[in-house]
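The values are calculated or read from the model by the stated rules, or taken from the named source; none is laboratory data. What you see is a predicted model, and the numbers here were worked out from it, not measured in a lab. With ideal geometry, Cβ positions are generated from the backbone for all residues, glycine too; neighbour counts draw on all protein chains shown.
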Amino acid sequence: HGNSRINEQGRLEIGGCDTVELAEKYGTPLFVYDEQWIREKCRAYVQAFEETGFTYQVAYASKAFMTMAMCRLVAEEGLSLDVVSGGELFTALKAGFPAERIHFHGNNKSVEELEMAIDAKIGCFVVDNFYELDLLHALAKEKDVKVNILLRLTPGVSAHTHEYISTGQDDSKFGFSVTKGQAQEALIKALKMDHFEVLGIHSHIGSQIFETVGFVAAVETLSDFLLAIRAETGYELSVLNLGGGFGIRYTEEDRPLSAKEYIAPITNAVKTRFTAENYPLPEIWIEPGRSIVGDAGTTLYTIGSIKEIPGIRKYVSVDGGMTDNIRPALYQSKYEAMLANRANDDKNDLVSIAGKCCESGDMLIWDITLPEVKAGDTLAVSCTGAYGYAMANNYNLLTRPAIVFVKNGQANVVVERETYEDLIKRDRIPQAMMASK
Ligand code: LLP
């Protein structure tokens, strides 16, 4: 995928850079992002919308992978940005991301986070619950400003995906339930609040979705809801945000659609339904995260210990693991990998790839056939660009990897490798303990 190939030395090359050289120069584990491929993913969504005639915003869901360089890239591509915390908002603002294109999500935004976002004049708050509706309104009133909001609704649709990453069903911590009447109550309430400009509604049905039926079902439920609201209040929305969740190909079993194949059925459903009801066509906003960065990221590891249990299994350990990719342990996610330094060698070694953390569940891949592995080989695990670094942690006090963006044979570090000093930077030893032996 993307701009990768096997070069003349039989090594994996990404964005014109030899990954074995990258591993030598920057160390491992190393996240390598194919910059041009991320840009092409952004453009595919823009293009898909351009063909529909709808007014739209494509907001990159920064939770999938957030660094200042990524913010710059997203800004350059003309996308908006979805943030879910003060930390993501701070990073976006520091990177110079245009505040009016920032959307703020989350089911428990703090007073401090809301004030920070109001002061920065962000484009839109996605209000999740009654508590936030009152809190945000009180803060806007205090500051005497009017803020744009969307209400996050749960349309009662459950996407066919892992339980932990499916969010559109009624029994969810997110949003106002449509079927339980809370959405109606919230919208009618919000419309009466002076310091809100109610742009519209939002729904996100889940993540790593391969079909469009869930999105179309959400459009149906939400349009029924909007028609009922119009009958009652006369309100017609201007923005319909359908969230993210578009899938990617981690392994051969995954069959994702193209940006166009995801978007066209959604916009067609909106057009058909709204036109039939004589309802003005809204702007359509979406929030892809994984599908922008997921298959643009590759993790390089160095292979170390190899343990063969005769007749049972061969464990091959790498110098990272659940600290840089917790997804296999958390969701039983599957990944593919290759030997980056001997990509053309015959594959005849059935192995399982283990991380180096003190936990049996720290396995990256069960049962994969590689060329016969040796300590010192470079292993490339593909499609690690989304929710890998984003969920990286310091378990066992492992340092988080460096990240490079590669493009046209050039590599640029966008996040430095964490150091041991970084690990203890915020540690403090109480005076009394300092004095003791
Ligand atoms: N919008 C909202 C409101 C969301 O909650 C999410 C993801 C997105 C957009 C972006 O979804 P995407 O296009 O990336 O699927 N850690 C999990 C994924 C959690 C997704 C959380 N919300 C994983 O590693 O699979």
Task: Ser360, sole failed condition from (1) touching a strand residue (DSSP E or B) at 6+ places or on another chain (Cβ under 8 Å); (2) surrounded by fewer than 13 Cβ atoms within 10 Å (Cβ to Cβ) - done: (1)
Task: Of all residues making up the range 79-103, the number that are without any contact (Cβ under 8 Å) to a residue 60 or more places away in the chain and within 14 Å of the chain's Cα centre (by Cα) - done: 5
Task: When residues of the range 58-78 are limited to those that are outside any helix (DSSP H, G or I) and buried (at least 22 other Cβ atoms within 10 Å of the Cβ), the one farthest from the chain's Cα centre (by Cα) - done: Val58
- [ ] Run down Glu211, Glu236 and say which single residue is out of contact with any Gly (no Cβ under 6 Å at 6 or more places or on another chain), in contact (Cβ under 8 Å) with a residue 40 or more places away in the chain and over 30 Å from Ala386 (Cβ atoms).
- [x] Glu236
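Just for the range 398-437: of the residues that are out of contact with any strand residue (DSSP E or B) (no Cβ under 7 Å at 6 or more places or on another chain) and in contact (Cβ under 8 Å) with a residue 40 or more places away in the chain, which one is surrounded by the fewest Cβ atoms within 10 Å (Cβ to Cβ)? Lay out the reasoning, then the answer.
Within the range 398-437, the subset out of contact with any strand residue (DSSP E or B) (no Cβ under 7 Å at 6 or more places or on another chain) is 398-400, 407-408, 410, 418-437.
Applying the additional criterion that residues be in contact (Cβ under 8 Å) with a residue 40 or more places away in the chain yields 398, 400, 407-408, 410.
Details: Leu398: 21, Arg400: 20, Lys407: 19, Asn408: 10, Gln410: 12.
Filtering the range 398-437 for residues that are out of contact with any strand residue (DSSP E or B) (no Cβ under 7 Å at 6 or more places or on another chain) and in contact (Cβ under 8 Å) with a residue 40 or more places away in the chain, the one surrounded by the fewest Cβ atoms within 10 Å (Cβ to Cβ) comes out as Asn408.
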Open item on the list: Name the residue that is nearest to the ligand (Cβ to nearest atom), counting only residues in the range 113-153 that are buried (at least 18 other Cβ atoms within 10 Å of the Cβ) and more than 17 Å from Lys189 (Cβ to Cβ).
Closed with: Cys124
- [ ] Select from the range 249-297 the residues that are within 14 Å of the ligand (Cβ to nearest atom), acidic (Asp, Glu) and outside any helix (DSSP H, G or I) and list them in ascending order.
- [x] Asp254, Glu287
- [ ] Under 7 Å between Cβ atoms, at least 6 apart or on separate chains: pull out the pairs that start in the range 182-205 with a residue that is within 14 Å of Thr154 (Cα to Cα) and end on any residue that is away from the ligand (no atom under 16 Å from the Cβ) and among the aromatic types (Phe, Trp, Tyr).
- [x] Ala183/Phe225; Ala186/Phe130
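Quickly run through the range 86-112 and pick out the residues that are crowded, with 18+ Cβ neighbours inside 10 Å, within 16 Å of the ligand (Cβ to nearest atom) and closer than 16 Å to Met66 by Cβ.
Of the residues in the range 86-112, the ones crowded, with 18+ Cβ neighbours inside 10 Å are 86, 88-89, 91-93, 95, 97, 101-106, 109.
Restricting the remaining residues to those that are within 16 Å of the ligand (Cβ to nearest atom) gives 88-89, 92, 101-106, 109.
Hits for the range 86-112 are Glu88, Leu89, Ala92, Arg101, Ile102, His103, Phe104, His105, Gly106.
I'd like to verify a number: residues in the range 316-336 that are aromatic (Phe, Trp, Tyr) and in a helix (DSSP H, G or I), how many?
As a first pass, look at the range 316-336 and keep what is aromatic (Phe, Trp, Tyr): 331, 335.
Checking which are in a helix (DSSP H, G or I) leaves us with 331.
Residues that pass the stated criteria total 1.
Pick from Lys109, Lys41, Lys63: which is of a type outside the set (A, V, I, L, M) and without any contact (Cβ under 8 Å) to a residue 40 or more places away in the chain?
Values: Lys41 fails: without any contact (Cβ under 8 Å) to a residue 40 or more places away in the chain; Lys63 fails: without any contact (Cβ under 8 Å) to a residue 40 or more places away in the chain.
Within the list Lys109, Lys41, Lys63, the selection yields Lys109.
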Task: Candidates Thr221, Thr302 - the one that is within 24 Å of Cys357 (Cα to Cα), touching a residue at least 24 places away in the same chain (Cβ under 8 Å), polar (S, T, N, Q) and away from the ligand (no atom under 14 Å from the Cβ) - done: Thr302
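When you check Ser80 against the structure, is it of a type in the set (S, T, N, Q), at pLDDT 95 or above, in contact with a helix residue (DSSP H, G or I) (Cβ under 9 Å, 6 or more places away or on another chain) and farther than 20 Å from Gly388 by Cβ, yes or no?
Values: of a type in the set (S, T, N, Q): yes; at pLDDT 95 or above: yes; in contact with a helix residue (DSSP H, G or I) (Cβ under 9 Å, 6 or more places away or on another chain): yes; farther than 20 Å from Gly388 by Cβ: yes.
Here the answer is yes, as Ser80 does meet what is asked.
Mind listing whichever residues of the range 256-294 are closer than 24 Å to Gln36 by Cβ and of a type in the set (Lys, Arg)? So that I can check it myself, show each step before the final result.
As a first pass, look at the range 256-294 and keep what is closer than 24 Å to Gln36 by Cβ: 256-263, 286-294.
Once the filter is applied, which keeps residues that are closer than 24 Å to Gln36 by Cβ and of a type in the set (Lys, Arg), the range 256-294 yields Lys260, Arg290.
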- [ ] Could you please let me know if Ser333 is under 17 Å from Leu300 (Cβ atoms), within 16 Å of the ligand (Cβ to nearest atom) and of a type in the set (S, T, N, Q)?
- [x] no
TODO: Determine if the range 170-177 includes at least one residue that is in contact (Cβ under 8 Å) with a residue 24 or more places away in the chain, within 16 Å of the ligand (Cβ to nearest atom), buried (at least 22 other Cβ atoms within 10 Å of the Cβ) and part of a loop (DSSP other than H, G, I, E, B).
DONE: yes
Open item on the list: Going residue by residue through the range 194-203, is there one that turns out to be closer than 30 Å to Ala296 by Cα and of a type outside the set (Lys, Arg)?
Closed with: yes
TODO: Could you name every one of the strands (runs of 3 or more DSSP E) located completely within the range 337-390 that has at least 1 residues being touching a residue at least 60 places away in the same chain (Cβ under 8 Å)?
DONE: 337-339, 378-382
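So, restricting to strands (runs of 3 or more DSSP E) that lie completely within the range 1-54, which ones have at least 2 residues that are hydrophobic (A, V, I, L, M, F, W, C) and within 25 Å of Asp319 (Cβ to Cβ)?
Numbers: elements: 4-6, 12-14, 30-34.
In the range 1-54, the matching strands (runs of 3 or more DSSP E) lie at 12-14, 30-34.
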